[in-house]
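Student: Please read through the structure below; I'll follow up with questions.
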Amino acid sequence: MTVAPVSPGFSTTVEALRRREWQLGPGEPTLVMDQFTAEDFHLVVDDRGDVHVSSKDGRFYLGWFPLGRPGTDGEGWKIAVTGTAKVRGYGISFDVETPAMVVAAAVACVLETSRRV
């Protein structure tokens with residue numbers, strides 16, 4: 001029998017297999033919202049207390065729905081990037097209880113892919 005080599009950074013020790021503690025709960029939404037500037041984005045808080053952020057060119061949207069997005073089953077965050085005539089856009093959704101630091105990391109990745117034209 002041949003055993004495949006262990007990839008770098010992968011440990012098979014008992015310590016590596018132990019249970020972990022994971023952050024749960026929404027955390028602090030400012031981790032997400034502090035990534036947007038008034039120079040490049042519009043921010044609107046509606047009558048339900050939901051927060052909507054869109055790029056000034058209209059191609060990026062982030063919605064934060066602390067009580068859940070209407071018409072969904074617990075969707076708390078929605079990211080959407082509009083496509084072009086040749087390439088489709090995409091959307092990402094997160095549950096109401098997704099930690100804000102996870103959403104902030106996803107938003108940072110999306111924002112890093114943008115460039116001024």
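The values are calculated or read from the model by the stated rules, or taken from the named source; none is laboratory data. Computed from a prediction, not measured in an experiment: that's the story for all the values here. Here Cβ is always computed from backbone atoms with ideal geometry, including for glycine, and neighbour counts include all displayed protein chains.
Student: For the range 8-27, check the following and say yes or no: at least one residue is modelled with pLDDT of 90 or more and touching a helix residue (DSSP H, G or I) at 6+ places or on another chain (Cβ under 7 Å). Full working, then the answer.
Tutor: Here is the first cut: in the range 8-27, the residues modelled with pLDDT of 90 or more are none.
Within the range 8-27, none of the residues are modelled with pLDDT of 90 or more and touching a helix residue (DSSP H, G or I) at 6+ places or on another chain (Cβ under 7 Å).
Student: Looking for whichever is at negative phi, touching a residue at least 12 places away in the same chain (Cβ under 8 Å) and surrounded by fewer than 11 Cβ atoms within 10 Å (Cβ to Cβ) here; the options are GLY58, GLY91, GLY49, GLY76. Which one fits?
Tutor: Details: GLY58 fails: at negative phi; GLY49 fails: at negative phi; GLY76 fails: surrounded by fewer than 11 Cβ atoms within 10 Å (Cβ to Cβ).
Exactly one residue qualifies, and that residue is GLY91.
Student: Is there any pair linking a residue in the range 13-25 that is closer than 23 Å to THR98 by Cα to one that is at pLDDT 85 or above and of a type outside the set (Asp, Glu), with Cβ under 9 Å and at least six apart or on different chains, and which?
Tutor: TRP22/PRO99; GLN23/PRO99; GLN23/MET101; GLN23/VAL102; LEU24/PRO99; GLY25/PRO99
Student: On the basis of being touching a residue at least 40 places away in the same chain (Cβ under 8 Å), of a type in the set (A, V, I, L, M), surrounded by 10 or more Cβ atoms within 10 Å (Cβ to Cβ) and within 18 Å of THR30 (Cα to Cα), does VAL110 make the cut?
Tutor: Values: touching a residue at least 40 places away in the same chain (Cβ under 8 Å): yes; of a type in the set (A, V, I, L, M): yes; surrounded by 10 or more Cβ atoms within 10 Å (Cβ to Cβ): yes; within 18 Å of THR30 (Cα to Cα): yes.
So VAL110 passes the test.
Student: So, one more: Looking at PHE60, PHE94, which is the one that is aromatic (Phe, Trp, Tyr) and under 24 Å from ALA38 (Cβ atoms)?
Tutor: Values: PHE94 fails: under 24 Å from ALA38 (Cβ atoms).
None of the other options fit; the residue is PHE60.
Student: Still on this structure, please answer the following. So which of PHE41, PHE36, PHE94 ends up being in contact with a Ser or Thr (Cβ under 8 Å, 6 or more places away or on another chain) and not aliphatic (A, V, I, L, M)? Talk me through it step by step, then tell me what you get.
Tutor: On the way: PHE36 fails: in contact with a Ser or Thr (Cβ under 8 Å, 6 or more places away or on another chain); PHE94 fails: in contact with a Ser or Thr (Cβ under 8 Å, 6 or more places away or on another chain).
Answer to the selection: PHE41.
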